[in-house]
Structures are given as C-alpha cells and as structure tokens.
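Shown next, in structure tokens, is the structure this report addresses.
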C-alpha cells in the first residue's frame, strides 16, 4: 500500500482524489496538510484521515508519507513539487504542473536526480474511452484524419476563485486549455508544430477568459475555443475522410455526460457507440501511479509529455500577443 499525503484541502482533492485513494486497493491515505491547521483537522475528521498537519513543510518531513498529491493553485505547483522531491517523496501534481515548459524541465531534472516518480495528473489519459479513440484512429476507422474540433468552457465570475486570480496562475489556457491539447496529442500520437491564437483578457480579473486558436499538427489541424464566462460545454470531434469520432464527455467523464465514444460514417447512416459506464478516471490514475512506484508495471503520464504539452500552451500565449503563427518549442 502506497502511503499518500495530500498537500492542501483543495476542492479537487476533496471531491475526486481523496475518494479515489480510499477506493484504490494499493494505496492508503495517511495525512493531509493545510496552512490553516483547523482546516487540516476538519478535513482529516471528515474523511477519517489518520494525520493532519498545519504546514506543508511538516507533512513533507514526515517519514510516514511516501507519495504526495499536489492540488495547490497552478502558480504554486512547481515550487511545492520541487520541495516534495527534495524531501524524497513521489509526486502526483495537478495540471498544469508549471507556468512554463521550463518549469517542467526543472522538475524532470530534480525527479531524475532524486530517483522518485513524478507525474502530472492528466486523469483523462487513464480513461479507457481515450484509449479507444486512439485505437480507432490508429486502425483507420475514419480514414485519414483531417481536422479536430475542440471546445471547453464554463461560467465562473467568483473573484476569490483561483481560476480568476492572475497571481495564482488562473485563466482559460492553463486551467482548461491543457485538456484539448493533451487529448489530441494522446489520441493521435502526433506533436503540434505551430499555433496561432486570439486571447482576450478579462476586464475584471486580468486573466485570459476567452481564447480561440488553431493548432497545426502538420498533416491536420485542431480548432479550439476556451471560455471562463460562457455556458458549460465540452467537445472533442475527430473528423476524417470517411467518418468522424465524437466523445460525449471528453474531460469530465461520468460527470458532464455518459462515458461514450461515437463512431460515425461519412453519410451519417451508421453510428457505433462504445460505452464505459462506471469508470472512475481518478481511481485509474492513483492506482496506476502506485503500481509504477512499487515497480509492478504499467505507466504514468510522462514528464517529457508534460513538457511538450506545456510548450503548446506557452506558444498559444505568445501567439495571442504577436497575432501570428508561433512555432511550438520542445
């Protein structure tokens, strides 16, 4: 059993990752930490977690903790992931792991030096629906891939929410733009070569609240829009010469919609649906992480892929400033 500690009482930890660790047959939730000691003790009592710490440093110093889940605000991910690595802990860090691709290079170097497992928490890549999309594309189920249509939006105007706080790394590209990028890369196995974008700044918060972009993969393109002051929407559609693949709930599977992949032919005369009911992608993620730490096989989302993903986000920001095509580094 991998002994986990949770670095903060963040909502995503409480709603998804803590329950997933409790359900995993290879993990034990040992401790939770918060800068507010009372919040740490309240969370520990609510979930039945054995230990609560009033500081992150105190938890990282504990020999009882082997692995750390880091759901802190985006701007703090790199700092505390590096501190956890320095303490000899394995780390599962929420996405995006850094504010730039350079941050992830630093993390990768530190992880290699310390000999610990560090992975970005792209839970979507552990869901079998995305493995199915990858397989369908590889076997030519829709012919040659021509275009990817992507969208992710929600409505959030809370000034206290980290997504609307520039200093904490808020904004659409970092919060939700990473998902269309990572799933398109995961499903196709192809890396983007250049991007262009239009980035609008929120007048109240100073964050990027609406983004439209084109991601050029060389032999096909992805068009994407992102919004933080729009209606809730998630969409990923892969258009080929002989059909298209549509994912009902591409990112929040099981919450936003049912876990379904639809394969359509070019004439819309035949649709085949692949269903994956009851899959908890967070459970799949923490289980896989523990198996890799223990050396029992499997794989986790690799840091090199994290760096490549962040390089696309970096390029989209730069393209929004220049108004022209920007090459993707890395």
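A few comments on the model shown:
- Looking across region 114-137, the residues that are in a helix (DSSP H, G or I) and without any contact (Cβ under 8 Å) to a residue 40 or more places away in the chain come down to 114, 131, 135.
- Among the residues of region 20-39, those that are crowded, with 17+ Cβ neighbours inside 10 Å and touching a helix residue (DSSP H, G or I) at 6+ places or on another chain (Cβ under 9 Å) comprise 20, 21, 24, 27, 29, 31, 32, 33, 34.
- The number of residues in region 291-324 being farther than 29 Å from residue 248 by Cβ and outside any loop (DSSP other than H, G, I, E, B) comes to 14.
Quick grid of which residues meet (1) within 25 Å of residue 160 (Cα to Cα); (2) not in a loop (DSSP other than H, G, I, E, B):
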residue: 21; (1), (2): no, yes
residue: 32; (1), (2): yes, yes
residue: 41; (1), (2): yes, yes
residue: 49; (1), (2): no, no
residue: 88; (1), (2): no, no
residue: 96; (1), (2): yes, no
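- When residue 111 is tested against the conditions (1) without any contact (Cβ under 8 Å) to a residue 40 or more places away in the chain; (2) assigned to a helix (DSSP H, G or I), the lone failure is (1).
- Condition check for residue 296: over 19 Å from residue 174 (Cα atoms) and not assigned by TED's automatic domain parsing to the domain that holds residue 323: yes
Table: residues versus (1) outside the structural domain of residue 323 (by TED's automatic domain parsing); (2) touching a strand residue (DSSP E or B) at 6+ places or on another chain (Cβ under 7 Å); (3) surrounded by fewer than 22 Cβ atoms within 10 Å (Cβ to Cβ); (4) touching a residue at least 12 places away in the same chain (Cβ under 8 Å).
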site: 170; (1), (2), (3), (4): no, no, no, yes
site: 179; (1), (2), (3), (4): no, yes, no, yes
site: 186; (1), (2), (3), (4): no, no, yes, yes
site: 194; (1), (2), (3), (4): no, yes, yes, yes
site: 200; (1), (2), (3), (4): no, yes, yes, no
site: 206; (1), (2), (3), (4): no, no, yes, yes
site: 213; (1), (2), (3), (4): no, yes, no, yes
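- Any hit, region 150-161, residues being surrounded by 21 or more Cβ atoms within 10 Å (Cβ to Cβ), more than 24 Å from residue 78 (Cα to Cα) and over 16 Å from the mean Cα position of the chain (by Cα): no
- Test: residue in region 284-301 that is within 30 Å of residue 195 (Cα to Cα), in contact (Cβ under 8 Å) with a residue 12 or more places away in the chain and in contact with a strand residue (DSSP E or B) (Cβ under 7 Å, 6 or more places away or on another chain): yes
- Boolean, residue 10 is touching a residue at least 24 places away in the same chain (Cβ under 8 Å), assigned by TED's automatic domain parsing to the domain that holds residue 79 and within 23 Å of the chain's Cα centre (by Cα): yes
The values are calculated or read from the model by the stated rules, or taken from the named source; none is laboratory data. Just so you know, these numbers come straight off a predicted model, no measurement behind them. Methodologically, a virtual Cβ is constructed for each residue, glycine included, from the backbone with ideal geometry; neighbour enumeration extends over all protein chains shown.
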